[in-house]
Each structure stands twice: as structure tokens, then as C-alpha cells.
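The values are calculated or read from the model by the stated rules, or taken from the named source; none is laboratory data. Everything quoted here is computed from the prediction, not taken from an experiment. Heads up, the Cβs are rebuilt from the backbone with ideal geometry, glycines too, and the neighbour counts pull from every protein chain shown.
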Amino acid sequence: MKQHLFILILSILAFSFTELKAQNDLNTVYPGDVNNNGIVNGVDALWCGTVYGEGGGNRLDTTIVWAAYDIPINPWLDTFPTTDIQKHFGDCNGDGVVLDDDFEAFTLNHNLTHSTLFPDIFFEGILGEDPLLDFDTPNPITTTPNDTISVPITLGSDNIPVNSFHGITFSIEFDSDYVSPFGASFNYSDTWTGTINEVKIIETWDNPYVMNITITRLNLSNVSGNGGLGTLNVVIEDNVPDRRPDTEIAQMKRAKMVNHDL
């Protein structure tokens, strides 16, 4: 007889805030480290999305292979908001324009580091004031081993909608006793954040049980609203421990939401 699992999935408050206190040498580019803080992650993809379609001088080396490269001979003059980081850092492959192929650097070079590491700062929001990043499903969920559960992910509500959304990145940590290694995927469909042609989705893994999802708009404009972001599909392990009440198989962590001005 199949064993039934009663599963809790926890949510997190999404808070709009970007803070960068320090950075590395501005004359050297590492493909994917757009904010130049020494590590490649979803925050860099959010920055890249804010300069999609923009262009300028190209690097001598047009590649996303992880290494240090000189900035373009003709540097881009514009900088990211509230920083002195020039926008050519968003041109990950160095070909002189920010397009879809630049986003490949965020999967190829995910979590790679260089120089001095200045970790991104993640602030959790305030209940009742900030939009909730939520698993929209009955809690707990009833499922069985070797089953796949599909869980809608939502952001904001009618009472607390999102104002001026350009992108979001967040992590999901899974319980290794219950979820298969790399046993999750994210499906995006046209939502209030934009059609599939208006956004870029980046899915990466820190390890077999920590998944990162980044959604960034590409048309350089903000949108406001609330509702679905997509669906998380999770594969339950074949052999699971004895049933534990209120088992938390997934928790949202490290959420950062930005508008076009970061």
C-alpha cells in the first residue's frame, strides 16, 4: 500500500531593495558578474535584464568562458542606477549588445567567484506591508512516493499588489529525505509579469536540493499587479522515511525583487 505524505510548503515575503556597498576592479569583466561583487547569481541576471537591447563598444574577447577580460576599448558611458558600474558589465559575452545569448552566462557560470566576494544582501519583507511570494496550494498537501506534485507560485495579492515590477530572483530549498536530487522544474506561462516573449527565465541549482529561479522583464519597463508567476513541479522520492506530521519539503529563501531602476 502506498504511503501518504502530508507536506507543508513555506512562503516568503518579497521585498524590493537592492544594495551594493562594494565592488571589484572596474577595468576587468568576468562574464555573468554584472554587479561586479565577485559572484554570479540571479541578482546579476536581474541587472542584465534592465539593459536588454542596449549596446556599445565590444570586448576583444567575445565569450562567456569564466575568466578575467579587459573592458571594451570604447567603454559604455552609461552606468547602472546609483552605481559607477558601467553597463558593459551586462554584456556578458562582450559582443557589444545585450541580448538573449548573454543570459547563458548565468547558467554556465552560476556561483563561480573571483577577486573579493561582496555577498548580495537579501532583506525579508514585513508581513502586511510587502507582497508575499507564495505557494498557492492547500497546506498541507497529500501525496505519495514517486509522485510529481505541481504547485502554483504567486506574487502579491489584491490587498498588497506589486508596484513597479521588473524582476525577481529567489531560492527554494528542498528536504533531501523527500525530494529527488534536482527533482524540480519551473514552468512559466504568460502572466501579469509579461508574456513568454517579454521575460527571461533562468533556472539554476546551488546543489541537488537548492534551486534558484529568476524572472526578469526584457522591455525595460515596469509592470504592476499580482497573481501567478508559474508552476513548480516537484518529484517525490521513491523511498521516504516514516511519515512525519507537517513535513516541510520546500522553503523559499533569499528573495530579491527589483524595478527597472534596481
* Does LEU108 count as closer than 20 Å to ARG217 by Cβ, of a type in the set (A, V, I, L, M) and in contact (Cβ under 8 Å) with a residue 24 or more places away in the chain? -> no
* Asked: Of the numbered conditions (1) surrounded by fewer than 16 Cβ atoms within 10 Å (Cβ to Cβ); (2) within 16 Å of the chain's Cα centre (by Cα); (3) of a type in the set (A, V, I, L, M, F, W, C), PHE122 satisfies every one except a single condition; which is it?
  -> (1)
* **Set ASN93, ASN74: member being in a loop (DSSP other than H, G, I, E, B) and over 22 Å from the mean Cα position of the chain (by Cα)** => ASN74
* **Any hit, region 190-209, residues being at pLDDT below 95, assigned to a strand (DSSP E or B) and touching a strand residue (DSSP E or B) at 6+ places or on another chain (Cβ under 7 Å)** => yes
* Quick one: would you say ALA184 is in contact (Cβ under 8 Å) with a residue 40 or more places away in the chain and within 12 Å of the chain's Cα centre (by Cα)? -> no
* Candidate set: region 77-90, residues that are polar (S, T, N, Q) and part of a loop (DSSP other than H, G, I, E, B); chosen: the one surrounded by the fewest Cβ atoms within 10 Å (Cβ to Cβ) -> THR82
* Residue count for region 44-53, restricted to those that are β-branched (Val, Ile, Thr) and either in contact with a Gly (Cβ under 7 Å, 6 or more places away or on another chain) or surrounded by fewer than 18 Cβ atoms within 10 Å (Cβ to Cβ) (or both) -> 1
* State all residues of region 99-124 that are more than 17 Å from TYR69 (Cα to Cα), assigned to a loop (DSSP other than H, G, I, E, B) and modelled with pLDDT of 95 or more; if no residue qualifies, say none. => LEU99, HIS110, ASN111
* Return yes when LEU5 is crowded, with 21+ Cβ neighbours inside 10 Å and at pLDDT below 95 and no when it is not. => yes
* Identify all residues within region 27-43 that are of a type in the set (Gly, Ala, Ser) and surrounded by fewer than 24 Cβ atoms within 10 Å (Cβ to Cβ); write none if there are none. => GLY38
* Structure fact -> GLY128 vs (1) in a loop (DSSP other than H, G, I, E, B); (2) free of Cβ contacts under 8 Å to residues at least 60 places away in the same chain; (3) on the phi < 0 side of the Ramachandran plot; (4) surrounded by fewer than 18 Cβ atoms within 10 Å (Cβ to Cβ): all pass except (3)
* To do: Select, from ILE172, ILE153, ILE160, the only residue that is assigned to a loop (DSSP other than H, G, I, E, B), out of contact with any helix residue (DSSP H, G or I) (no Cβ under 9 Å at 6 or more places or on another chain), closer than 22 Å to GLY194 by Cβ and at pLDDT 85 or above.
  => ILE160
